[in-house]
Each structure stands twice: as C-alpha cells, then as structure tokens.
Amino acid sequence: MAGKLLHSVVFLDRDGVINRDSPQFIKSWSEFEFLPGSLQALAALTRAGFEVIIITNQSAVHRGLISGANLQLLHQNMQTAVRSRGGRIRDIFFCPHLPEEGCSCRKPKPAMIERACRKYDLDPTTTTMVGDSAKDIECARNAGCGQVVLVRTGNGDVAYRELKARAVPLDYLADNLADAARWIIRSGSG
C-alpha cells in the first residue's frame, strides 16, 4: 500500500464533508449518514484519476465513546459504500486524541498529512485539502498543501467567518463536496 502514488491526491476531512457531523460524535455505522452528493463526488474524483486520503480528528476514541476496532469497522463500511458507488478511498489517517492531550497529530497540527506524505512519497504542494472547519484549513496550510477548499456543509459557514476574520486564504469556497470535486477536477490539480 505504501509507495509513490501516481495520481494527484485529495485529502478530505470526514465529518461535515463526507458525512453529517454530530455534536454527540459519530459512534457507530448506524449514526453515519452520507451527505447528499458525497458518494457521487468521491466516484467523480476516482474516475478523474485522483487518490482520496481521509485526514480526520476522532477524539471519540479517547473519550471512550467508540473503540478503535469499532472505528475501523465504521471506516471499512464507509469504504465499502464508496466502492459500491464507483469511488475509492486510498487510506484513512485519524487522530484519536482529546484536544487537551497536546498531540502532534490533531488538526490543525499537520502530522497526519505529513505522515501520509511520507508513506506515499508525496510533495504536499501538489495536494489539495478539503475540509469544513478552520482546523482543516489551518492543518493544510501548516502542512504546505498546494490548495485548500472549504465546504459550507458541516461547520463551514462558521469556519468561513473565522478564517475571513483572521485573513486565512482559501483557494475555493464550495457549497459541498460535490461542488469541491467539480472545482478540483476542473483545476486539474490535487
């Protein structure tokens, strides 16, 4: 699985980008609900030759709300559903830590993207990150991603105001993942 990827890479946050987010956390497959158009967007990115890698904070693990094994099962179910619609998720990197643990992997820190770049021999300047929070965008900027896209789904509208107030630049503000995928495909980079 490791080694150089031959295609452009799109990093995606999970909750609020691919599926509905919840203040109570997504703790099981029964709570996981794809956002409208996200399965089609993942299929479109795959067809266009992009590799998709998920970069997600999942503190529910260290909160004791979901076990690591159940999170892995949830991710396997998500990947199966994505494959059944013609998409593909190459890999998933997640941070299980609480915000107060001070780890290096929790977004906005860049360690998950850096780990993915080492594993797949990626130049981060050739990648795109799509997220719905200021943490996602800051993580992408901290990791040196070439493009950052904020989606309005999930926490996107709040994040947009926060980023704008702090003059953190975006390459594209998308309505949702489908809109982001169209822009990424049109721009031809990832």
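Quick check on my filter: what residues within segment 68-79 are under 15 Å from ILE18 (Cβ atoms) and either hydroxyl-bearing (Ser, Thr, Tyr) or loosely packed, with under 13 Cβ neighbours inside 10 Å (or both)?
Just the residues of segment 68-79 that are under 15 Å from ILE18 (Cβ atoms), to begin with: 71, 74-79.
Hit for segment 68-79 is GLN76, nothing else.
Filtering segment 124-155 to residues that are closer than 12 Å to ALA174 by Cβ and modelled with pLDDT under 95 leaves only GLY154.
Taken over segment 109-163, residues that are closer than 13 Å to SER8 by Cβ and among the aromatic types (Phe, Trp, Tyr) amount to 1. Annotation note: of LEU170, LEU150, LEU177, the sole residue that is within 12 Å of the chain's Cα centre (by Cα) and free of Cβ contacts under 8 Å to residues at least 40 places away in the same chain is LEU150. Checked against the criteria, LYS109 counts as buried (at least 18 other Cβ atoms within 10 Å of the Cβ), over 22 Å from LEU35 (Cβ atoms) and touching a helix residue (DSSP H, G or I) at 6+ places or on another chain (Cβ under 9 Å).
Please verify whether VAL82 is farther than 13 Å from LYS27 by Cβ and surrounded by 13 or more Cβ atoms within 10 Å (Cβ to Cβ), treating the condition exactly as stated. Spelling it out, VAL82 is indeed farther than 13 Å from LYS27 by Cβ and surrounded by 13 or more Cβ atoms within 10 Å (Cβ to Cβ).
Inside segment 1-97, counting only strands (runs of 3 or more DSSP E) that do not spill past its ends, which hold 2 or more residues that are touching a Gly at 6+ places or on another chain (Cβ under 9 Å), among the β-branched types (Val, Ile, Thr) and in contact (Cβ under 8 Å) with a residue 40 or more places away in the chain? Explain how you work it out, then say what you get.
On the way: elements: 9-12, 51-57, 91-95.
Output list reads 9-12, 51-57.
Restricting attention to segment 166-190 and to residues that are over 17 Å from LEU35 (Cβ atoms) and of a type in the set (Val, Ile, Thr), the residue that is surrounded by the fewest Cβ atoms within 10 Å (Cβ to Cβ) turns out to be VAL168.
Candidates in segment 9-65 are the residues that are hydrophobic (A, V, I, L, M, F, W, C) and touching a Cys at 6+ places or on another chain (Cβ under 8 Å); of these, the one that is farthest from ILE92 (Cα to Cα) is PHE11. Only a single criterion out of (1) on the phi < 0 side of the Ramachandran plot; (2) modelled with pLDDT of 95 or more is not satisfied by LEU6, namely (2).
Screening LEU42 against (1) surrounded by fewer than 21 Cβ atoms within 10 Å (Cβ to Cβ); (2) under 23 Å from ARG152 (Cα atoms); (3) among the hydrophobic types (A, V, I, L, M, F, W, C) leaves a single unmet condition, (1).
The values are calculated or read from the model by the stated rules, or taken from the named source; none is laboratory data. Keep in mind that this is a model prediction, so the values were computed, not measured. Please note: Cβ atoms are built from the backbone with ideal geometry, for glycine as well, and neighbour counts cover all protein chains shown.
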